[in-house]
Each structure stands twice: as C-alpha cells, then as structure tokens.
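Since the structure comes first, as structure tokens, the remarks are kept for the end.
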Amino acid sequence: MKILLVEDEVKLSSFVRKGLEGEGYWVDTAFDGQLGLSMALRGEYDLVILDVSLPQLNGFEVCRRLRAERPQVAILLLTALGGIAHKTEGYDAGADDYLVKPFEFQELLLRVRALYRRYHDAGPGRTLSVADLTLHLTTKRVERSGQPIALTAREYALLEYLLLNQGHVVSRVDIAEKVWELKFDTNTNIIEVYITYLRRKIDKDFSPKLIHTVVGMGYVLRA
C-alpha cells in the first residue's frame, strides 16, 4: 500500500511515517498543500492522509481537488479541527474518514487498514445494486437504467450505506453516526436534506421509487 502523508508538523510527520513504514507501508511526505496536491495527482497512491491547516493550500481544498481528479484514492483527514462544522466541511469536500488530533497511533492504523479494505479488497468488479440501480464500489460510479448519476461524496456515502442495509429501516441517528461519524443533533434537518438530494438524483426521473420514508422510524431502500 502506497501512502502520501501531507503534514506540516515535522515531528508528527516523522512519527506517523516511521510508524506506518514499520507496518510495511510505503510512505511519501509533503509539508504544504500545494506540493501535496501535485504529488497526489501525479503519483499512484492508495491513500492520502491530509492535515487541514496546511501552508499554501488548506487540506479541505486539496481534498476537494483531489477527489474530483482521483476518485479512486482514499482520503483521510488528520487534524486538530474537531468541531462538527469542520467535520461536515471535510466530508463534503470528499474525505472518506476524519481523525482528530491528538490521536493514538493504533487508531490511525486501524482506520488506514479499514480504508484499504474498503477500496481494494472489494475487487474491481464488486457492485451493490437494487432494481436497476448499481453502485460500483471501486470506481465509485453510480448508474440507474444504464444512465450515469453524478453524486457528491456525501450523497455517495449515504447511498452506499442504504444499499448495504437495503430492506432494513435505518434511523436518522444510524445515518449520522455510521455514515459520517457525527453525534446526531435532533435540532438539525441535515439528514432529511441529503435524503432529498439523493431522491432527486436516483428516484425523481425513474421508476420504481427506491428510497422510502418509514414515519417515526427512518428510511429504507427497496424496490
């Protein structure tokens, strides 16, 4: 597994690099966002670990540009910015995971392994599907009736979770905690907003409708 670590704290970068190399990973490093983005776009990396508060170009912007150009690369944000607003911005930018500093190296290692399994162990041909809707896990391509559907990173994560649990009702709490690892806030309608976004893209112009509301319980994906 080839990893790019973009972190401007030299001591932390050295610590993480040595730890990952000790586990058998190939690790390159960059100390600012502009260089990190350039290396990520021209290199064949499986995973990019990004700080957010980077010189030249911040991690959110690096993540956003990298996700647009290299959808097959896993992205882990590693930052001291642990607020809900920052996590929301990170996931919206296309991050797959978000780890707040300070952290235990073992936790970072577990997340690295999980991301590798998610992107590579699935195999190039693995898909999730219901009716005429297909999600390709490796390429992150989504199609319905053969038509490609463009999704944001958050919409994709939500659809993937619904497909993995198709036929089962998932609550708003489940979605908030399992999809984005955010503590659910009863005063926000963010889940409903993204369900609406997803319905417009995969249900509005197609039949049968796939995303169903179960009043008082949550949502279920089924034909």
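The values are calculated or read from the model by the stated rules, or taken from the named source; none is laboratory data. If you're wondering where the values come from, they're calculated on a predicted model, not measured in any experiment. A quick note on method: Cβ atoms are made from the backbone with ideal geometry, for glycine too, and the neighbour counts reach across all protein chains shown. Surface areas here come from the heavy atoms of the whole protein model, side chains and all, with no ligands, DNA or RNA. Shrake-Rupley method; radii C 1.70, N 1.55, O 1.52, S 1.80 Å.
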Among (1) among the aliphatic types (A, V, I, L, M); (2) out of contact with any Phe, Trp or Tyr (no Cβ under 6 Å at 6 or more places or on another chain); (3) within 30 Å of Lys18 (Cα to Cα), where does Leu164 come up short?
(3)
Would you mind finding the one in Glu160, Glu177 that is out of contact with any Ser or Thr (no Cβ under 6 Å at 6 or more places or on another chain) and without any contact (Cβ under 8 Å) to a residue 24 or more places away in the chain?
Glu177
Condition (residue is crowded, with 22+ Cβ neighbours inside 10 Å, charged (D, E, K, R) and modelled with pLDDT of 85 or more) applied to segment 53-69: is it met by at least one residue?
no
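So, in segment 27-52, how many residues would count as being more than 17 Å from Gln72 (Cβ to Cβ) and open to solvent by 10 Å² or more (accessible area, probe 1.4 Å)?
Filtering segment 27-52 down to residues more than 17 Å from Gln72 (Cβ to Cβ) leaves 27-36, 38, 51-52.
Then drop every residue that is not open to solvent by 10 Å² or more (accessible area, probe 1.4 Å), which leaves 28-29, 31-32, 34-35, 38.
So the answer is 7.
Is it the case, given these coordinates, that Thr196 is open to solvent by 40 Å² or more (accessible area, probe 1.4 Å) and of a type in the set (Val, Ile, Thr)?
Values: open to solvent by 40 Å² or more (accessible area, probe 1.4 Å): yes; of a type in the set (Val, Ile, Thr): yes.
Yes.
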Within segment 70-96, how many residues are of a type in the set (Asp, Glu) and outside any helix (DSSP H, G or I)?
1
Having 3 or more residues that are within 19 Å of the chain's Cα centre (by Cα) and either farther than 14 Å from Leu108 by Cα or without any contact (Cβ under 8 Å) to a residue 12 or more places away in the chain (or both) is the bar; report the helices (runs of 4 or more DSSP H) wholly within segment 1-69 that clear it.
33-42, 59-69
So, of the residues in segment 72-120 that are aromatic (Phe, Trp, Tyr) and surrounded by 20 or more Cβ atoms within 10 Å (Cβ to Cβ), which turns out to be farthest from Leu47 (Cα to Cα)?
Tyr91
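Among the residues of segment 5-26, which ones are closer than 20 Å to Gln72 by Cα and buried (at least 23 other Cβ atoms within 10 Å of the Cβ)?
If we filter segment 5-26 for residues that are closer than 20 Å to Gln72 by Cα, which is where we start, we get 5-6, 25-26.
Within segment 5-26, Leu5, Val6 meet the criteria.
Condition test on Asn189, is it open to solvent by 20 Å² or more (accessible area, probe 1.4 Å), within 23 Å of Thr88 (Cβ to Cβ) and free of Cβ contacts under 8 Å to residues at least 12 places away in the same chain?
Numbers: open to solvent by 20 Å² or more (accessible area, probe 1.4 Å): yes; within 23 Å of Thr88 (Cβ to Cβ): yes; free of Cβ contacts under 8 Å to residues at least 12 places away in the same chain: yes.
Taking the combined requirement at face value, the residue satisfies it.
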Is one or more of the residues making up segment 131-140 surrounded by fewer than 13 Cβ atoms within 10 Å (Cβ to Cβ), over 16 Å from the mean Cα position of the chain (by Cα) and touching a residue at least 12 places away in the same chain (Cβ under 8 Å)?
no
